[in-house]
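Below: one structure, written as structure tokens.
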Amino acid sequence: MTDQTAKFTLGDKSVESPVLKGTVGPDVIDIRKLYGQTGAFTFDPGFTSTASCESQITYIDGDEGVLLHRGYPIGELAEHSSFMEVAHLLLNGELPNGDELAKFENTITRHTMVHEQLTKFYSGFRRDAHPMAIMCGVVGALSAFYHDSTDISDPQQRMIASHRLIAKMPTIAAMAYKYSVGQPFVYPDNNLSYTGNFLRMTFGVPAEEYEVIPAVERAMDRIFILHADHEQNASTSTVRLAGSSGANPFACMAAGIACLWGPAHGGANEAALNMLREIGRPERIPEFIARAKDKNDPFRLMGFGHRVYKNYDPRATVMQKTVREVFEALKVNDPVFDVALQLEEMALNDDYFREKKLFPNVDFYSGVILSAIGFPTTMFTVLFALARTVGWVAQWNEMISDPAQKIGRPRQLYTGAPQRSYVPMDQR
Ligand code: SDX
């Protein structure tokens, strides 16, 4: 709270609303009483100027290109941390010491298997079903399996559900991939790391030993860190809104997966690589930049632009560096990386992108790496959902345990028909 207030005058009404100050970032005007005081709502479709909650998990400074998780810069976490360590940080608020990390990893490891009945859900899908459609269905179905931990008012049960979700997402994601390529599901091997386990369940086959390549494991783990959480983005806001009614946590995460799937959000990584492949060679870049600038053409540069970042997305910086590491480790020479680098350079030197402050975001380079590792483009957003489950779960826990929490119920500006009487059929 500050001693500042914001004054509103509406007709003959004049009200003052308190201004609240966070640790860092923009102050907020607390308008919770505004409707009661003025009879008017605020209007903010897309929430471009609205803080929906108070949170202590992630902070983004879009102008400076800063991303902090519990105060730690994303670049330092990507460089020095592991996804499991970041998961502990996001969930519990502090970096774990050695014993705490070992205990957390052991807990997660012991929840990696799914109920055998859950495997039956996959056979209901066509083999060519989009893996994100499968993820929506199967993660939602998890809500039918854990009636022992659905009293979300009990912190212990919330934490069990959280651990189950974080642990089972790699297994479910790998199974979605296996189903789509007609290979048998591979059970978790809990002697491996979280990320190594995922790579083996995805690319391993019963017919032979699977060897985790350390450089790929490290790159994949870093990609998970870069996607773990991102403040009140669309899918996290979806999870919070679904959870605000007290809904089953597994069902809430399925809602988040559905939202993330959209090409304007997490689906952009799949769309970005498809775009880079369509461009094909540097000579065609000007044609696509012209289309992105053409108001009459709905085409946008996928992987470019951001609601919050009006500077370079710090995750894209790490992602570009990781492309080089993976290409070197796997001896990959995919021309799509050169197309991406030259597209970025041309766009960042173009007045249109500079004036609108459109920079590469987390999705611009991720697909180049994932494709090099061997994932089909349809799996890219599944990997985003796998990693973002940690953020969704952390934000969901924060919301449920907030004493000020209440069900989310926005209002509207109604511009429809005024009240009118029913017209009998013979008079229409
Ligand atoms: C993610 O919120 C998060 O934190 C998301 C995320 C996370 O970690 O959760 O960071 C993950 O979703 C990253 C974003 C991935 N999406 C894409 O890369 C899709 C392409 N980008 C966009 O469609 C767009 O930039 C958004 C959706 C990301 C942001 O859109 P906004 O903030 O609503 O901005 P806007 O659509 O109003 O665009 C502002 C202007 C418009 O031009 P004008 O109407 O002002 O003339 O910029 C233009 C847009 O036409 N513009 C683009 C563009 N993005 C915006 N023009 C060309 N190419 C683009 N990519």
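Every read-out reported here was derived from the displayed coordinates using simple, explicitly stated rules and does not represent laboratory data. Note that the structure is a prediction, hence the values are computed from the model and not measured. Virtual Cβ from ideal backbone geometry, glycine too; neighbours counted across all protein chains shown.
Shown is the FRET efficiency for A417 and A40, computed with R0 = 25 Å from the Cβ-Cβ distance and rounded to the nearest 0.05: 0.70.
Applying D = kT/(6 pi eta Rh) to the stretch 1-132, where Rh is the Kirkwood radius over alpha-carbon pairs, T corresponds to 20 °C and eta to 1.002 mPa s, the Stokes-Einstein value obtained is 109 µm²/s. Subtracting the Cα-Cα distance of K33 and Q405 from their residue separation scaled by 0.36 nm leaves 132.3 nm.
Sequentially through the stretch 302-308, phi angles give Karplus couplings (6.51, -1.76, 1.60; θ = phi - 60°) of 6, x, 10, x, 6, 5, 9 Hz, Gly and Pro residues having no value and appearing as x. Each Cα pair under 8 Å and six or more residues apart adds its sequence gap; the mean of these over the residue count of the chain is a relative contact order of 19 percent. The ellipsoid equivalent to the alpha-carbon distribution of the stretch 175-247 has semi-axes of 30, 17, 10 angstrom, derived from the gyration tensor eigenvalues as √(5λ) and listed largest first.
Any idea what % of Cα-Cα pairs in the stretch 279-416 are farther than 17 Å? Here the long-distance tail beyond 17 Å is 69 percent of all Cα pairs in the stretch 279-416.
Here the Karplus curve 6.51 cos²θ - 1.76 cosθ + 1.60, taken at θ = phi - 60°, turns the phi angles of the stretch 268-279 into couplings of 5, 5, 5, 5, 5, 5, 4, 5, 4, 5, 5, 4 Hz, with x standing for Gly and Pro. Against the main long axis of the alpha-carbon atoms of the chain, helix 83-92 sits at an angle near 30°.
Its DSSP H runs of at least 4 residues, each contributing -39,500 (n - 2.57), put the calculated 222 nm mean residue ellipticity of the chain at -15000 deg cm²/dmol, to the nearest 500.
For GluC sites (Glu not before Pro), the sites in the stretch 117-218 that DSSP calls loop and that have at most 11 other Cβ atoms within 10 Å are E209, E211. Projecting label points 7 angstrom from Cα along Cα→Cβ for S123 and D148 puts them 2.6 nm apart. Between E116 and K103, the distance separating the two model label sites (each 7 Å from Cα on the Cα→Cβ line) works out to 3.4 nm.
With the convex hull of the Cα atoms taken as the outline of the stretch 175-216, the averaged projected area works out to 3.0 nm². Remark: the stretch 170-294 carries a charge dipole of roughly 300 debye about the Cα centre, counting +1 on each Lys and Arg Cβ and -1 on each Asp and Glu Cβ. Pairwise Cα distances in the chain exceed 43 Å in 17 percent of cases.
Rg and Dmax of the stretch 13-72, both derived from C-alpha coordinates alone, stand at 14.2, 45 Å. Kirkwood analysis of the Cα pair distances in the stretch 83-160 returns a hydrodynamic radius of 15.0 Å.
For the stretch 279-359, applying the loop criterion from DSSP together with a ceiling of 14 other beta carbons within 10 Å to the chymotrypsin sites (Phe, Trp or Tyr not before Pro) yields F299.
Using Cα centres only, tell me the gap between the stretch 328-391 and the stretch 10-83 in whole Å. Each part's Cα centre sits 28 Å from the other's. Peptides 223-229, 85-91 ranked from most to least packed, by the mean per-residue count of other Cβ atoms within 10 Å: 223-229, 85-91. Of the trypsin sites (Lys or Arg not before Pro) found in the stretch 86-166, the ones in coil according to DSSP and having at most 12 other Cβ atoms within 10 Å of their Cβ are R110, R126, R127.
Short-range pairs are left out: with C-alpha atoms under 8 Å and at least six residues apart, the relative contact order of the stretch 206-287 is 18 percent.
In plain terms, the chain from E94 to E355 could stretch by 90.1 nm, reckoned as 0.36 nm per residue minus the Cα-Cα distance.
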